[in-house]
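Below is one structure, written out as structure tokens, with a few remarks after it.
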Amino acid sequence: MEKNVPLNFSSWLNRPFHLDWFAGPLLSDSPNKTNNVKQTNALFGGLRFGWDFDYYWGAEWRFGWSDPEVFYEGSSERQPGQYWVSDVNLIYYPWGDTRVRPFFVAGVGLSEVGSIHNDGGPLEATLLGTPFGLGIQFQQTPWLAWRAEIMEAEPATSPNSSKGNSHDQN
């Protein structure tokens, strides 16, 4: 598609609010600082509510979840883990009000991670995080738009917490 192809007789601002669902892979690193506990990749899905308040700017609230399995390195026994995220994001559309809309997204939110310690006990952590990413939207009809994005959720950690990065591709 050609850059800056305008919308025919329409605008993204004619329908500034959207509610949608998303699904994609959760690509996970080790959920704790040691390499003894591993986590599987899993399906990540959820709901998103957004508002385009300008031709170049929008805001979204995202709520997503996943159920990756956690296990000890070298063990075949797997336990259920959990990953929940809720964040608020600001979106910048550099091409403005066009049919094809690349975007950059950044925000702040909370992630809850359920895993296991090296001693086998449960590990539950709620982390403040800063999601960021990029993507593209395409308006097929006035009521149907497709979206692809890659997000990184970088959790803030304290010296006593565990850190694990997640990579969301919706």
Selection from the range 76-119 of residues within 26 Å of N36 (Cβ to Cβ), open to solvent by less than 40 Å² (accessible area, probe 1.4 Å) and assigned to a loop (DSSP other than H, G, I, E, B) yields G81
Filter the range 1-44 for residues that are of a type in the set (S, T, Y) and in contact with a Lys or Arg (Cβ under 8 Å, 6 or more places away or on another chain); the one that is modelled with the lowest pLDDT is S30
Note on the range 55-75: residues at pLDDT 95 or above, open to solvent by less than 60 Å² (accessible area, probe 1.4 Å) and either closer than 16 Å to S11 by Cβ or outside any strand (DSSP E or B) (or both) are G58
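Only one of V70, V100 is under 19 Å from L27 (Cα atoms) and of a type in the set (A, V, I, L, M); which? Full working, then the answer.
Working: V100 fails: under 19 Å from L27 (Cα atoms).
Criteria check complete, one pass: V70.
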Those residues of the range 109-154 that are more than 16 Å from L90 (Cα to Cα), touching a Gly at 6+ places or on another chain (Cβ under 9 Å) and of a type in the set (V, I, T) come to a total of 2
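Could you check the range 98-121 and list, in sequence order, the residues that are out of contact with any Asp or Glu (no Cβ under 9 Å at 6 or more places or on another chain) and at pLDDT 85 or above? Before you say what the answer is, go through the steps one by one.
In the first step, residues of the range 98-121 are kept if they are out of contact with any Asp or Glu (no Cβ under 9 Å at 6 or more places or on another chain); the result is 98-99, 101-102, 104, 106, 116-121.
Answer for the range 98-121, where residues must be out of contact with any Asp or Glu (no Cβ under 9 Å at 6 or more places or on another chain) and at pLDDT 85 or above: T98, R99, R101, P102, F104, A106.
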Residue set I116, I91, I150, I136; condition under 16 Å from the mean Cα position of the chain (by Cα) and in contact (Cβ under 8 Å) with a residue 40 or more places away in the chain; output residue I91
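The values are calculated or read from the model by the stated rules, or taken from the named source; none is laboratory data. As the structure is a computational prediction, the values presented were derived from the model and not from experiment. Reconstructed Cβ throughout: ideal geometry from the backbone, glycine too, with neighbour counts over all protein chains shown. Just the protein is used for accessible areas: all its heavy atoms, side chains included, with ligands, DNA and RNA removed. Shrake-Rupley method; radii C 1.70, N 1.55, O 1.52, S 1.80 Å.
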